[in-house]
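Report on one structure; see the data block that follows.
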Amino acid sequence: MSTTPPELKFTTLEEIDEAYYTLQKTFLSGKTKPIAFRKVQILQLAYLLKDNYDRFKEAFAIDLGRPPLEASFLELDSTIADCKIAYDRVEKWARTEKAPFNINFFAFRPVIRKEPKGVVLSISPFNYPVWLALGPIIGAIAAGNCVVLKPSELSPAISGLIAELIPKYMDSDVIRVVLGAVPETSKLLEYQWGHVLYTGNGRVARIIGVATAKTLSPISLELGGKSPVVVDPRCDIKTAARRIMWGKCVNAGQTCVAPDYVLIPRSAEDALVKALKDAHDEFYPSGAISTKDISHIINTAHFHRIKNLLENTSGTVAFGGQTDESRKFIAPTVVRGVKDGDSLMSEELFGPILPIMPVDNVDAAIAYINAHDHPLALYCFSQDAAFKNKVFDNTQSGSAVANDVLVHCAIDGLPFGGIGPSGSGYHTRKFSFDMFTHLRASLDSPGFIDSILGGRFPPYTAKSEAF
Ligand code: NAD
């Protein structure tokens, strides 16, 4: 198996133009409207993943050094499961809904039609290059749209594989993959879209926001940020440490909802550090350096970014800290005694470094969280309902998770999205369908209504005032 990332052949600007107008023509033809057509495309997407499961695992290894098991449970199996959910439920999701009964208006027969938005665009990131590229598309196809997918150029093995397989499994008049970086994405953003979903960082999100404002294309932003963990010293520290450590190490911390940093009372810092070290040693019994159970950092630019943050911390490395540029490897690292203003608190880490910031009490933790951007996820480890409620009731975040990390993304029925700087809009499963669906208010007014509501027509007389 080759471990060298392939050279991606980027889509030309002429091909992008052809793709956009082909999809517009298809959408207008009504081809994507029948539910049966949508279901075939969703099924084909599931087969695309199932038939090529091992090739995807190899591509994950090339792009991210991702352990095969993580490739399966984090992305491949969950995306196939999302296909199945959409396949089974699309009729229900797409069904026209009656407006709530109201004696004044029921005669109008008011309904909400669930209609596709048209030709939609999804721009996806490198870190979960299958689930975040294909997951939202399941919703877009289920909703009856035509789709352009722009996967990340930073994960070339996966993005190249997706670009190779989509035309083989799915209808090229309905879905196209555009490969490229900034020039290709900028070209895409010149068009008007039924909807644009951008998943990535806040800096680029601002560029996307400005570009889509020019065409009045509606957008959803799935962004990141620093997701805190508030630890109650009375919690089950061993369980908390194992879960936090796992959430930090999975995909080498390159997870938008990874626990970014820990806030804990000073008196409990020693106990947490010890429990984190125990969890680390249990996960990597022969040491993190030699394990095959940790992904690497996506590229050398990100490797150096994270290494610089670590080198400039004023905290103390409790354990870890080893790096190997040749493998883009950073060992799981816990840094203790970190203070506000530290390099590790300056930006989303997106790597396997866990700063612990000791605070006086839970009020100080809440104040710190509220003084910074609303995070994508907020984690709280506590067995005390009052403690958890205090943390969740007095903060804002995309999600609020007690006593675990990351798992909320996998739970059917929960929306996935940020708030403010961590994003706007919701995706996963039905929420992806909703994102790409226009709720079209509709009614059919019968002739006899005028005998009741005739007063609405001029000339306005005393009789019309009664209406
Ligand atoms: P990335 O570098 O892969 O970029 C994401 C996409 O933006 C790519 O398709 C890329 O081609 C495009 N892009 C980059 N620069 C651009 C520009 N100037 N103009 C137009 N398009 C451009 O990934 P990233 O942004 O580094 O992804 C990591 C970030 O994404 C993190 O902040 C993470 O928290 C966030 N994220 C959020 C979610 C979520 O669902 N909320 C999921 C995953 C990642």
³J(HN,Hα) computed for each position of the stretch 306-313 - Karplus, 6.51 cos²θ - 1.76 cosθ + 1.60, integer Hz, glycine/proline x
5, 4, 4, 4, 5, 5, 9, 6
Nonlocal amide H pairs with G423, under 5 Å, H built at 1.01 Å:
L223
Would you please give the residues with an amide H less than 5 Å from that of I175, counting only those at least 5 places away or on a separate chain, with H modeled from the backbone geometry?
V147
Amide H neighbours of L354 under 5 Å, counting only residues 5+ apart in sequence or on other chains, H built in-plane at 1.01 Å?
T333, V334, V335
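First check a/c for the chain, with a ≥ b ≥ c the square roots of the eigenvalues of its C-alpha gyration tensor; if it is under 1.5, answer rounded, and if not, answer prolate when a/b is larger than b/c or oblate otherwise. Intermediate results must be reported in sequence, preceding the final value.
Details: a/c = 2.28, a/b = 1.45, b/c = 1.58.
Here the chain falls in the oblate category.
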Here is the link list: K339/K390; K168/K214; K50/K430; K150/K339. Which ones come out longer than 30 Å on Cα distance?
K168/K214; K150/K339
Mind listing the phi-derived Karplus ³J(HN,Hα) values for the stretch 239-249, rounded to whole Hz, using 6.51, -1.76 and 1.60 with θ = phi - 60°, and x for any glycine or proline?
5, 4, 5, 4, 5, 5, 4, 4, x, 7, 8
Once you charge only the Cβ atoms, +1 for Lys and Arg and -1 for Asp and Glu, what is the size of the charge dipole of the stretch 228-416 about its Cα centre, to the nearest 20 debye?
340 debye
If you take the charge dipole of the stretch 228-416 about its Cα centre, with +1 on Lys and Arg Cβ and -1 on Asp and Glu Cβ, which of I289, A410, A275 is farthest toward its positive end?
I289
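When you count, for each residue, the other Cβ atoms within 10 Å and take the mean per peptide, how do 249-259, 446-456, 114-124, 424-434 rank with the highest first?
Details: 249-259: 25.6, 446-456: 10.7, 114-124: 23.7, 424-434: 21.8.
In decreasing order of mean packing, 249-259, 446-456, 114-124, 424-434 become 249-259, 114-124, 424-434, 446-456.
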Under the Karplus relation 6.51 cos²θ - 1.76 cosθ + 1.60, θ = phi - 60°, what is the ordered set of whole-Hz ³J(HN,Hα) values for the stretch 415-430, x standing for Gly and Pro?
x, 10, x, x, 9, x, x, 8, x, 8, x, 10, 9, 5, 6, 4
At q = 0.09, 0.11, 0.19 Å⁻¹, base-10 log of I(q)/I(0) for the stretch 228-416 (Debye sum, equal scatterers on each alpha carbon)
-0.29, -0.44, -1.38
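Computed from the coordinates by the stated procedures, all read-outs in this text should not be read as laboratory data. Because the structure is a prediction, the values reported are computed rather than measured. Neighbour counts are summed over all protein chains in view; Cβ atoms, including those assigned to glycine, are modelled from backbone coordinates with ideal geometry.
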